[in-house]
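Here the structure comes first, spelled out in structure tokens, and everything after it is commentary.
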Amino acid sequence: SSGCRASRYSSQFHQRRTIEIYGPGTHSREWLHPEDLARAVARAIDRLATADHGAERFIISSGRPISMRDLARTVVRRVGSGGVDHVDSTSQAFSLTTDTTKARRLLGWRPGIGIEEIIDRVAAAID
């Protein structure tokens, strides 16, 4: 899962080792900072409290896919050390992206923290 990958990348990144990517790394994911998620949830609660309707479902994500290859390269560039190694994969990698149009339209929400700032914050917290 993406959460496991993020944890592995963080561990490798912290130890200044090479980040391993399965396959060519062209599959993409979206990343969201918890503060952005909290702001979206708060807006959804406000909407529920002031609406005449029941609860609604919203997809909350950055809406900014990044390939695993580009993510690993960005980590290395932002940290200033390490490398990227492509490892043969025994399974097919797939992209996982979302459509956050409804959250943007009805909640007036947009993520504010980009991937580079997320990486910088993780690096600062680890060091």
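Among the candidates 61, 67, 81, the residue that is among the hydroxyl-bearing types (Ser, Thr, Tyr) and over 14 Å from the mean Cα position of the chain (by Cα) is uniquely 81.
Selection of the range 46-94 for residues being of a type in the set (D, E, K, R), under 17 Å from residue 104 (Cα atoms) and surrounded by 14 or more Cβ atoms within 10 Å (Cβ to Cβ) yields 47, 64.
Filtering the range 26-66 to residues that are out of contact with any helix residue (DSSP H, G or I) (no Cβ under 7 Å at 6 or more places or on another chain) and more than 27 Å from residue 117 (Cα to Cα) leaves 46, 48, 49, 50, 51, 52, 53, 54, 56, 57. Cβ-Cβ distances below 7 Å connect the following pairs, each with a first residue in the range 112-126 that is closer than 10 Å to residue 33 by Cα, a second residue that is among the acidic types (Asp, Glu) and open to solvent by 50 Å² or more (accessible area, probe 1.4 Å), and a separation of six or more residues or different chains: 113/35. The test for being of a type in the set (Phe, Trp, Tyr) and touching a His at 6+ places or on another chain (Cβ under 9 Å) does not hold for residue 58. Among residues of the range 9-40 being among the β-branched types (Val, Ile, Thr) and open to solvent by 30 Å² or more (accessible area, probe 1.4 Å), the one that is modelled with the lowest pLDDT is 18.
The values are calculated or read from the model by the stated rules, or taken from the named source; none is laboratory data. Please read all numbers here as calculations on a predicted model, not as lab measurements. Glycine also receives a Cβ, built like all others from the backbone with ideal geometry; neighbour counts cover every protein chain displayed. Accessible surface areas use protein heavy atoms only, side chains included; no ligands, DNA or RNA. Shrake-Rupley method; radii C 1.70, N 1.55, O 1.52, S 1.80 Å.
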